[in-house]
Amino acid sequence: MSGESEKAVFEVPVGPQHPALKEPILLLFKIEGDIIDDVMARPAYTHRGIEKATEARNYIQNIYLCERVCGICSGIHTLVYTQGVERLAGVEPPPRAKYIRVIFLELERIHSHALWLGVAAHELGFDTLFYYVWRDRELVMDLLELVTGNRVNYAMSTVGGARRDISDEAAHQIKKGMEIFRRRLDVYTGVVEKDPTVRKRVVDVGKLSPHKAVELCAVGPTLRATGVKRDVRADDPYQAYDEIPFNVATYPTGDVLAQIMVRVMEMYEAANIIDYALDHMPKGPIRTKVPWNIAPNEVISRGEAPRGELFYYFKSNGTEKPERVKIRTPTLANLPAVCEMLKGYHIAEIPIVFASIDPCLSCTGRFAFIDERHDRSWVWTGEQLRAYRRRYYKWQNR
Amino acid sequence: MMREALGVVELLVFPGFLFLSWLALYFEWVDRKFYAKLQYRYGPLYTGPKGFLQPFADFVKLLAKEDIVPAAVDRFLFTLTPILMLALAFYALFYVPIVPMVRNVAFGAFEGDLILVIFVLTMVGFLKFLAGWGSTNRFSAVGAVRTAFQLLGYEIPLAVVLLTAGMGAGTLNISLIAQKVASNGILASALLPALAISIVCFQAELERIPFDIPEAEQEIVAGWLTEFSGRRLALFRFATDLELTLAAALTAALFLGGPYGPAIPLIPVQVSYFLWFMFKTTVIVMVLANIRALFARLRIDQMVHFSWRHLLIAAVAEAIFIQVLLAAGVIA
């Protein structure tokens, strides 16, 4: 023992491969004893070049590409993309299409939050809750399959409207499913709120103050869990959200319990939205025609993904292909906040605190160079990338 | 001559090494299957009837896998710990009455074997620490330190409640305690709180939820086990199964009378021993599995806090309670 003055700091890398992480990210922790002193996050192990690829495809082909940015929030990506293209072209989708979009978006929110609740339980070592929640998540997955024909990539939204209608029979099934799901959700809310071992692990863990959360540009449930009422659906209503009454769920404490409770409340809220939308769906067509070529224009499109605000920027140049599509996914916005949340807590809390932002890392990889010493940053053009590729493979096959 | 031959059979076959190995794999199967059922899963399914042979298949598979020894590990500890842990778990089981054949008590029974078994239980925990420490891996080191902390938490309450049973029965011979508990209903009921405490302590000893802190998968990969693979991992897993067997058999013996129980008519006494033992231990393993399905994992400081604040006090209170009953002459 060399005395208190000397800090015994050691580094623990979590990732890119680690059982707590479902996708690759490197979190480099500086640990002092058992307490996290500092953390550095390095995402972008899965750079897929989707933004670049959109420039080589036309607006219809890009729907399929954007649908695959994220496996869980595939619906909101398609919606925000098609919504942006509609704004570029200056067309308005028919009212019934807007309601259909809202219904499957809210179904997606439920299945995403249920998935997250299961993962959070697993990170706490509570595997029983994990299996139960995922079993009931299947209920929603089946409904999605019933309505859209798919479990993951629904392909419901297209430029100019929706691709499939929701029949009365399907609407009835959805309502019945929501009734069952609400009852199951009551059980899980009780478990999370009352179970002593769960409470011991989530109350006052990973705290974030509302001031800090806003300062670090946190979005979605992570922000709302600190008590800040901010939701794109309410603040900047898109689709049919301005016609549907709903509450923005917030929880004041800012710890992991708050994150869980906000998501649980959002699941209830989503079930209510679905019921309301099914009851008030206007009759009529579900799709309008949109021209192939879109005049030069610049728009942004936003939506509230299950993980927070999803942001798309579009620039068109008069052809059938976009000039630029920029995607900002919510996980990227939440990374600074989660690094702040982790500081000062135990090693044992790394998984649950990191999982509490519902990280979805494969959408997060971007490509830019930053030279910290010379304070420079730059990007490569496609030609420079290709040149690098040639050099790299030449070096590999030398 | 006949007696000696029977002794050899008792050592090697029944209830010796062969039967104990079968028992360990059987308990792993019960544990996994019941745990899975509680979680709406199937659990082991394909190997053997209802997946009964799955633990054995897993063991053989692991034996055949590549056994990697990282360059930086302490080779001596890395090789010694799995073997010693397996040997110790087997060793302790010979002092616990399972199905007494020749002497009507456990194979190695002597006055004071309870102390020896408690010592072995501590040694097993300590070996886990050494195994993790010798791995020189960051996750292993964290896991090893957590094992040591956990040992500090559960060991003393466990020793107190196990010795309480001895106090109640007036002997430190596990087999004699079991006989006394089986024949004395008042003692058996007075020991029920001790049974509950020992089950919680064994859950911690076996590193199972909510006390699976030293090998918390989501936090530190596999904790002290991280670097082990192939044969060494197979031995560790088998040793853990034997530890589960030891926990179930010891709890059954000290608090529920082990293999001794009311004679079942029309069958030989050894068969009734077997049936009673299997019944009691299977129920205990199912209770252990049920606890595993009920909770989330605690943090290490919460676990030690819980042990010293609640478990130890409960254990000491139980010991005082038994002493008072003894002094009052309630327990004959």
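Values for this structure:
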| quantity | calculated |
| --- | --- |
| Residue within the stretch B:49-58 that is of a type outside the set (Gly, Ala, Ser), within 22 Å of residue B:291 (Cβ to Cβ) and open to solvent by less than 20 Å² (accessible area, probe 1.4 Å) present | yes |
| Failed item in (1) surrounded by 19 or more Cβ atoms within 10 Å (Cβ to Cβ); (2) part of a helix (DSSP H, G or I), with residue A:125 passing the rest | (2) |
| Test for residue A:313: is it in a strand (DSSP E or B) and in the same structural domain as residue A:156 (by TED's automatic domain parsing) | yes |
| Any hit, the stretch A:288-297, residues being part of a strand (DSSP E or B) and over 25 Å from residue A:164 (Cβ atoms) | yes |
| Flag for residue A:362 being among the polar types (S, T, N, Q), open to solvent by 10 Å² or more (accessible area, probe 1.4 Å) and more than 14 Å from chain B (Cβ to nearest Cβ) | yes |
| Checklist (1) more than 15 Å from the chain's Cα centre (by Cα); (2) at pLDDT below 90; (3) more than 30 Å from residue A:349 (Cα to Cα) applied to residue B:258, failing item | (1) |
| Criterion (among the aromatic types (Phe, Trp, Tyr) and either within 14 Å of chain A (Cβ to nearest Cβ) or over 25 Å from residue B:29 (Cβ atoms) (or both)) met by exactly one of B:295, B:279 | B:295 |
| Qualifying residue in the stretch B:256-265 (condition: touching a Ser or Thr at 6+ places or on another chain (Cβ under 7 Å), open to solvent by 40 Å² or more (accessible area, probe 1.4 Å), free of Cβ contacts under 8 Å to residues at least 24 places away in the same chain and not in a helix (DSSP H, G or I)) | yes |
| Residue within the stretch B:169-192 that is within 14 Å of chain A (Cβ to nearest Cβ) and more than 30 Å from residue B:64 (Cα to Cα) present | no |
| Number of positions in the stretch B:190-236 that are open to solvent by 30 Å² or more (accessible area, probe 1.4 Å) and out of contact with any helix residue (DSSP H, G or I) (no Cβ under 7 Å at 6 or more places or on another chain) | 3 |
| Residue match in the stretch A:121-136 (condition: away from chain B (no Cβ under 14 Å), in contact with a Phe, Trp or Tyr (Cβ under 7 Å, 6 or more places away or on another chain) and within 15 Å of residue A:267 (Cβ to Cβ)) | no |
| Helices (runs of 4 or more DSSP H) contained entirely in the stretch A:131-239, each with at least 3 residues that are surrounded by 20 or more Cβ atoms within 10 Å (Cβ to Cβ) | A:168-194, A:196-202, A:220-224 |
| Residue within the stretch A:168-185 that is in contact with an Asp or Glu (Cβ under 8 Å, 6 or more places away or on another chain) and within 14 Å of another protein chain (Cβ to nearest Cβ) present | yes |
| Qualifying residue in the stretch A:330-339 (condition: outside any helix (DSSP H, G or I) and either more than 14 Å from every other protein chain (Cβ to nearest Cβ) or open to solvent by less than 80 Å² (accessible area, probe 1.4 Å) (or both)) | no |
| Matching option when the condition is in contact with a helix residue (DSSP H, G or I) (Cβ under 8 Å, 6 or more places away or on another chain), of a type in the set (Val, Ile, Thr) and open to solvent by less than 30 Å² (accessible area, probe 1.4 Å), among B:30, B:69 | B:30 |
| From the options B:125, B:168, B:132, residue that is over 29 Å from residue B:252 (Cβ atoms) and either within 14 Å of the chain's Cα centre (by Cα) or buried (at least 19 other Cβ atoms within 10 Å of the Cβ) (or both) | B:132 |
| Residue match in the stretch A:94-117 (condition: over 30 Å from residue A:352 (Cβ atoms), of a type in the set (A, V, I, L, M, F, W, C) and out of contact with any strand residue (DSSP E or B) (no Cβ under 9 Å at 6 or more places or on another chain)) | yes |
| Where residue B:309 falls short, out of the listed (1) part of a helix (DSSP H, G or I); (2) exposed (fewer than 15 other Cβ atoms within 10 Å of the Cβ); (3) away from chain A (no Cβ under 14 Å) | (3) |
| Selection status of residue B:182, crowded, with 18+ Cβ neighbours inside 10 Å and farther than 18 Å from residue B:204 by Cβ | yes |
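Residue by residue, here is whether (1) at pLDDT below 80; (2) closer than 30 Å to residue B:215 by Cβ; (3) in a loop (DSSP other than H, G, I, E, B); (4) away from chain B (no Cβ under 14 Å) holds:
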position: A:11; (1), (2), (3), (4): no, yes, no, no
position: A:24; (1), (2), (3), (4): no, yes, yes, yes
position: A:28; (1), (2), (3), (4): no, yes, no, no
position: A:62; (1), (2), (3), (4): no, no, no, yes
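The values are calculated or read from the model by the stated rules, or taken from the named source; none is laboratory data. No experiment lies behind these values; they were computed from the predicted model shown. Because the Cβ atoms are built from the backbone with ideal geometry, glycine has one as well, and the counts that use them run over all protein chains shown. Accessible surface is based on the protein model in full, side chains and every heavy atom, while ligands, DNA and RNA are left aside. Shrake-Rupley method; radii C 1.70, N 1.55, O 1.52, S 1.80 Å.
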